[in-house]
Amino acid sequence: MRRAAIERLLPAAYQRAGVPGSVLWALLDVMEALHAPDEAVLADVDALFAPYRAPDAMVVALARWVAMDHVVASPRPDAPLPLPPGRLRDLVAHGALLARWRGTPYGLRLALEVATGLRGFVLAEPADRPFHVVVRVPAAATAQQLAVVTRIVEAEKPASTTVEIVVAEEPS
């Protein structure tokens, strides 16, 4: 809030007393300076909720808002995120779509592809094992990506199913 706007909120007697060099003049300058950081945030508040414009720390909160807290949950507050910030932003951006398809093979495959950046996940339901799903992970997956895959599969699969995660072999 600008100094002149703050001054207009004061009673008339104070407004007349706010002359250059007075204590009131200095206080109004301080008030303007104290309001400036908050006004800067409020001027661009929509950026806090846009996954590709929000600060990294806010993206973690947004992930929790779109029910992806199982991906960002960590045992220690100082632990690094299991995903790079760009992947986490993608996951938040797809949050509504992922929520719509949660518990389905399409939803699980999409969540895995968005979180890892890899394509080629295969979900199979063996005929001889009811309520069991085999998730074949592309061979290009790293150890860190496998940890994320496990987190996502455990959270996104239907509760009544068991799961087996298998890394596909490199094509020869």
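The values are calculated or read from the model by the stated rules, or taken from the named source; none is laboratory data. Everything numeric here is computed off the predicted structure, so don't read it as measured data. Note: ideal-geometry Cβ built from the backbone for every residue, glycine included; neighbour counts use all protein chains shown. In case anyone asks, the SASA skips ligands and DNA or RNA and just uses the protein heavy atoms, side chains included. Shrake-Rupley method; radii C 1.70, N 1.55, O 1.52, S 1.80 Å.
Figures for the structure shown
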item	result
The one condition in (1) closer than 30 Å to Asp38 by Cβ; (2) in a loop (DSSP other than H, G, I, E, B); (3) open to solvent by less than 60 Å² (accessible area, probe 1.4 Å) that Ala139 fails to fulfil	(1)
Filtered residue count, the range 142-172, keeping only those that are part of a helix (DSSP H, G or I), aliphatic (A, V, I, L, M) and open to solvent by less than 80 Å² (accessible area, probe 1.4 Å)	7
Residues being of a type in the set (Lys, Arg) and surrounded by 16 or more Cβ atoms within 10 Å (Cβ to Cβ) - total across the range 68-101	2
Those residues of the range 129-155 which are of a type outside the set (Val, Ile, Thr), farther than 14 Å from Val114 by Cα and over 24 Å from the mean Cα position of the chain (by Cα), in sequence order	Arg129, Pro130, Phe131, His132, Arg136, Ala139, Ala140
Count of the range 114-135 residues which are β-branched (Val, Ile, Thr) and either assigned to a helix (DSSP H, G or I) or more than 23 Å from Ser160 (Cα to Cα) (or both)	2
Selected residue (only one of Ala111, Ala96, Ala67 is closer than 30 Å to Val148 by Cβ and either assigned to a loop (DSSP other than H, G, I, E, B) or at pLDDT below 90 (or both))	Ala67
Filtered residue count, the range 81-93, keeping only those that are part of a helix (DSSP H, G or I) and among the hydrophobic types (A, V, I, L, M, F, W, C)	4
Met68 being within 19 Å of Val114 (Cβ to Cβ) and in contact (Cβ under 8 Å) with a residue 24 or more places away in the chain	yes
Residues being in contact with a helix residue (DSSP H, G or I) (Cβ under 7 Å, 6 or more places away or on another chain), not charged (D, E, K, R) and not in a helix (DSSP H, G or I) - total across the range 18-57	5
